[in-house]
Structures are given as C-alpha cells and as structure tokens.
Amino acid sequence: MNLQRTAPLHSGAGVPVCGRGGRLFAASTLSVVALFVAGWLTLIFNDVVYTAREAIKETRVTETDASHPAAVPGLPPSQTLFQKLVSPEITSALWLSLWTSAVTVVIGLGFAIPMGYALSRYRFPGHTFIDSVVDLPILLPPLVIGLSLLVFFQTAPGRLIEDLGLKFVFQKKGIILCQFLDSASFGIRAVKLAFDGVDPRLEHVAMTLGCGRAGAFFHVALPLARRGIVVGGILIWTRAFGIFGPLMVFVGAVRMRTEVLPTTIYLEQSVGRIEVALAVALLMIALATVALVTIRLVGLERQ
Amino acid sequence: MICIEGLHLSVGEFALRDVSLTVEAGEYFALLGPSGSGKTLLLECICGLNRIEAGRIAIGDVDVSNLEPRQRGVGYLPQDYALFPHRTVRHNVAFGLLRQRVRRATLEARVDELMEQVGVLQLADRLPGNLSGGEKQRVALARALAVRPRVLLLDEPVSALDEQTRDTICRQLKALQRTTGTTTLHVCHNFTEMLAVADRAAVIYGGRIRQVGTPREILQRPCTSRVAAFVQAGNLLTAQARLDGPWLRLTAPGGIELIAMRPSADAPAEGTVPFMVRPERVALSATAPTTCPAGTTVLEGLVQHVADLGPLVRVTTVCRGTELLASMGHREYNGLGIVVGSRIFLAVAAEDVHVMTT
C-alpha cells in the first residue's frame, strides 16, 4: 500500500504581468529587489577583491622571504593568507562556531516547537504579555543579553547553578547559552506562525479518529508546520552563527577556547590584519550560503 | 442511541441552553437551523471537542460527557471536510484504522472497500488539494466511516457543493446510511436537504431546540412563526382568531377571513395568533368554485406576479391588500391560463391553515 505522507511543494505561482501599469508595478518592485541584492553583492565582491589582492601580495613577499639570502635563521617565515586561514586558531574557531550553533538549533527548536504550539493554540490570562516577552530578545541590543547573563551569574541563583557544576561564564557552554537566548525568539515566532497556519479543525478530526491531543499534534499539526519549523531552524542558526556582542561580554575572546568566527574577525581586525578578518568573513558567508541553500533544498522543497 | 439531556454551554455571548434531544438507533436525524443557531456547537459537544458546562450526553448506554473524542465512538465529518492535506486519499481514509493498529491486510481491505463504496477508489493516490468539492466530501465520509463509528456526525456535509452534486450526495448519504445502519446526525440549514435525507429532524435557533418531528411535520406544522419562516412557509400572517363551532375563524389585516380547524388544547383559540398556509396548499381557479367541502375558504384576488422556479411555478396574488402565494406544477399552471393582472380565486382547506403558538 502506497501511503504517501508528503505533499509536493507549492512554489509560489507566477503572477501574470499585464498591461503597462502592471509592467511598471512589477518593474518597480523588482528594482527594489535588484538594488538590495546588488548592494550586498558589491560589498562582498569588494571584500573578495581586497582579500585576493592582499593574498597575492603576501604570496610574493613570502616567496621573496624564503629565497632571500638575508633571511634570519630561527625566525618563522611570513605566512600566506591561506596558511593563516588554516591556522589552529582559526580552524578551532570555525569548528566551535559550527558545533555550538548546531547545538543551539537543536535546543532552540526544542523550545520553539512546544512554545510555538502552546502560544498558537491555547488562550490563558497573560497570553499577550508572555507573547511580548518572547519577542523581547528580538528588540534588545544583543550586548544586553551578555551583560544580563554576567550579572545573573553573580547573583545567588547564578552562583548556585555554577556550584552545581554547570559553569557558563568564560566557558564554551556560555557560548551556547548566549546563542540560545539571542536566537530562540526568532525560531519561536516562526514556529508559532506555522502552527497558526494549521487549521485546528484538522486536529479535531484526528481526535475523533483515535488520536489523543498529543497524537493529533504529532500526526497532523507537526507535519503540516514542518515548513515553518525549518524556517525557524534557519533563523536560529543564522542568528547563532553570527552572534558576537554578548559573547565578548559573557565568555570573552580567549583564543582556542571561546573564540568563534565572529570573534576571530574582531581579533584579526584589531591587530591590523584586515585581509584575514575579511577572509574569515567571506568564509562565514560561504558557509552560511551553503547551509541555507542546503536546508532550503532538503527541508522546504520536499514539502 | 444519542441522548442529550439539559445540555448547557456558553461561548462568549452565545449559549446552548437546556438542549434535550434523542436520536434513535439506526435513525437518520437532521438538525436544522440558520447560521449562528448553535447547531455546529452542539455537534462539537457530541464529538467531545467542546466540554459541556451542564447536562449529559449519552451514546448508547454510555455517558460520554467526560470522555475524550476518541473514546466516544463517533465519526465526524466537518463542514469543510478537513482532509489532511499532506496525506493521500488512501492515507486519509486509513488514518483512523492506523491509529487503531488494525492488521495491515484488514486495513487495506477495509480502505479499498470504503473507497469503492463512496466512489473514490480511482483517486486513491491523489492529494486532497487536487480533488473537487464532491470528491473531498466522499473521501471525508469514507474516512469517518472507516473506524466503524456508532454514530456518524455530519456538519453541513453538502452545503459547499453545487445543487446537482448536492442532490446526488444526499441520495448517496441516505443509501449509505440504510446499508450501514449507522445512526446519523446531519446538521443542515436547508430544509430541502432535511426533506431529502432525514427520518426525523429538529429545528434549532438561538441555542435552543424549538421543534422535533418528522420533516413533513416541521414543514407542514411548524410550532412557531420563526420556525415557519425558516422552513419558508410562504404565507405567514397574523390574524384575530375566534372560535366558531368546529372551526376557528381568522381575520387577517385587510379583512380577509380564513377558516382553520379548531385548535388543540395547547394552541391559542382567541386573540391575535400567527398562522400559515403553504403555497402548494393554495388551489387557484380562474372562476369561482361552485362547490367546496365544508371549512374551505374561497378568496378573490388579482394575479400580481408569476415566477418560474423550475419544477414549480409560484403565483403571487393580492387579496384585499394582503399578499398570498400559491405554487403548482407547470401542467396545472398552463391549464389555468393565468395572466398577470387578471382576477383569480384562491381556495384553502381548513386543515391546511396552521395556527401557531407564537
């Protein structure tokens, strides 16, 4: 028996453009899209050109250094840009960024799915207030999260948590905590909107067909909200991957320990190695693009 | 099979109040009411989707008032069918059986049998988004019947369909109910739908059950003028009533006088009363009838308007300033040679004049 579970994607149908007014309207909206994308691509292109130029320049210098008869024995030779990028500091930061943001997505969705469903389906006193609190981190400057966490872990409850062995301040766990607090709201909002779009009547029917409340959730609401959940995951990951401000305050910028890629960019540019900072930024852009396209293809297109 | 006693439920400013209703086993029962009358809410109470505040709901011998929907043994077909959009037709029909962990061979046989029964077998691998309204309705029906419910609850199952499909589906629903013997409660707001399917029916509005009876009784003998208006009584008037031997004489505004049967004990016998005459019970003739049975009222009027309603013709007449409707088949109409503006005679038998309580 062929029990197909998934529906094909309904990619937005093209709207026919008719008449002069219609063409003008379409052109004006599309030109805004073009302006935005072109602005970003110009910035990235300039970064690429600058980095490439510096890389070529450094390669020449390095070759000259190595063959120079006056090269001082014992001193390390100058590194090329590529060598700097694959240095232990930066690869460690890359790995730390990737796994902490991945863990944050899992934890974030672990909160976003039940919270999004509860806020979408149930009405209770204070619903509007709680809904607003969920959105607070979206409005706050990210730095505030780091400051608040730092202050919290100076108080009795914070110290108690640390005494129990869960140390966050200047620890890798602190990175995940910062990423989670900064990004979860985006995921919760996206998931709630997804559940808002699922007709509760479908769950009601499922309940008359043998499901309990939880069964109706798992068999009906969750599969139908999958698209929004994937979007929520993407939002959490992008936010977590690029977080910087709170980390500087709460976990610091200790090389090989609490250094993630945004921290690397900051550290490199602060010592004047702009080309390395830009190269790391480009690496982040490339990674983010690959990840987002993959998630979209795997998570969204299948629906 | 379904026994509701003193049910009460408030939702915002609306409330179902003191609802009591009994649907017998194997009966096809229609719940008729206008939009916002509380019929869907009542259906959801029986399903268990709304927890009642007072009263009792029993299905069979079991008080289900506090049971979860899945424990009530009901099959529910909501107004918009609510097919699971991410599952194929086959999987929609199989949904309830999968939850019951029925053996695969049994499940497949049952699903195929049901899809064939409702005529959607050829659509088995399609997704609901690609189905027409009638096909969706059939799939939703098969899905509800798959779990062999003790009671089938249909919430306006044909209201979203075109008239032709509606008639076909109504006939199929009735035939299917006869075959399966499932007690069925069918919510509708169209009295022709009620006539097409129901063994018995109830009229609900304002959150209260107003009348229970056979469809014919509700159509011919509505208990209140509101019910009469809802079942499109046609000629709905108020009159001064007075007893006159075996008859009740009704003097309507404009001075037209009709004769009704002497009312039963609970109906008003004097004073201002609402009454109705169904248009199909008004006989028209071009000349004054020479002999009439006792109790027949003959009125003289003018033809104001003629409307072709397809199977019927509706003639609007005016008798002393009061508008009265008559309807008949085309053959009868053609034999009368009616012309707008011509003089016409209307004959109404006393038993066709129905006096209501309010």
| Name the residues in segment A:116-138 that are closer than 14 Å to residue A:221 by Cβ and part of a helix (DSSP H, G or I), would you? | A:116, A:117, A:118, A:119, A:120, A:121
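Each row is one residue, and each column tells you yes or no for (1) under 13 Å from the mean Cα position of the chain (by Cα); (2) over 23 Å from residue B:38 (Cα atoms); (3) surrounded by fewer than 21 Cβ atoms within 10 Å (Cβ to Cβ).
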{"site": "B:127", "(1), (2), (3)": "no, yes, yes"}
{"site": "B:144", "(1), (2), (3)": "no, no, no"}
{"site": "B:161", "(1), (2), (3)": "no, no, yes"}
{"site": "B:169", "(1), (2), (3)": "no, yes, no"}
{"site": "B:192", "(1), (2), (3)": "yes, no, yes"}
{"site": "B:201", "(1), (2), (3)": "yes, no, no"}
{"site": "B:213", "(1), (2), (3)": "yes, no, yes"}
{"site": "B:220", "(1), (2), (3)": "yes, yes, yes"}
| said: Quick check on this structure: which one of A:139, A:147, A:160 is farther than 22 Å from residue A:106 by Cα, assigned by TED's automatic domain parsing to the domain that holds residue A:244 and at pLDDT below 90? | reply: A:139
| query | So which of B:96, B:75, B:60, B:48 ends up being at pLDDT below 90 and among the small types (Gly, Ala, Ser)? | reply | B:60
| remark: Of the residues in segment A:189-206 that are within 11 Å of chain B (Cβ to nearest Cβ) and crowded, with 24+ Cβ neighbours inside 10 Å, the one that is farthest from residue B:80 (Cα to Cα) is A:206
| query | Across segment B:101-141, which residue is farthest from residue B:173 (Cα to Cα) among those that are within 12 Å of chain A (Cβ to nearest Cβ) and assigned to a loop (DSSP other than H, G, I, E, B)? | reply | B:101
| field | Which listed residue is under 18 Å from residue A:108 (Cβ atoms), surrounded by fewer than 18 Cβ atoms within 10 Å (Cβ to Cβ) and touching a helix residue (DSSP H, G or I) at 6+ places or on another chain (Cβ under 9 Å), from A:240, A:225, A:288 | value | A:288
| remark: The number of residues in segment B:20-46 that are buried (at least 17 other Cβ atoms within 10 Å of the Cβ) and out of contact with any Lys or Arg (no Cβ under 7 Å at 6 or more places or on another chain) is 14
| task | Give segment B:10-29 a look and list any residue that's in contact (Cβ under 8 Å) with a residue 24 or more places away in the chain, out of contact with any Phe, Trp or Tyr (no Cβ under 9 Å at 6 or more places or on another chain) and not charged (D, E, K, R), or say none. | result | B:10, B:11, B:14, B:15, B:16, B:19, B:20, B:25, B:26, B:28, B:29
| field | All positions within segment A:257-273 that are over 22 Å from the mean Cα position of the chain (by Cα) and touching a residue at least 40 places away in the same chain (Cβ under 8 Å) | value | A:273
| Check on residue B:22, within 21 Å of residue B:208 (Cα to Cα), touching a strand residue (DSSP E or B) at 6+ places or on another chain (Cβ under 8 Å) and within 12 Å of chain A (Cβ to nearest Cβ) | no
| field | Within segment B:44-79, considering residues that are among the basic types (Lys, Arg) and under 27 Å from the mean Cα position of the chain (by Cα), the one nearest to the other protein chains (Cβ to nearest Cβ) | value | B:72
| message | Against the definition (within 14 Å of chain B (Cβ to nearest Cβ) and either among the polar types (S, T, N, Q) or not in a loop (DSSP other than H, G, I, E, B) (or both)), how does residue A:220 come out, yes or no? | response | yes
| request: Count, please, the residues in segment A:207-217 that happen to be part of a helix (DSSP H, G or I), facing chain B (nearest Cβ under 8 Å) and touching a Leu at 6+ places or on another chain (Cβ under 9 Å). | output: 2
| request: Determine whether segment B:72-89 contains at least one residue that is crowded, with 23+ Cβ neighbours inside 10 Å and in a helix (DSSP H, G or I). | output: yes
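The values are calculated or read from the model by the stated rules, or taken from the named source; none is laboratory data. It should be emphasised that the depicted structure is a prediction, and the values quoted were computed from it without experimental measurement. Cβ: placed from backbone, ideal geometry, glycine included. Neighbour counts: every protein chain shown.
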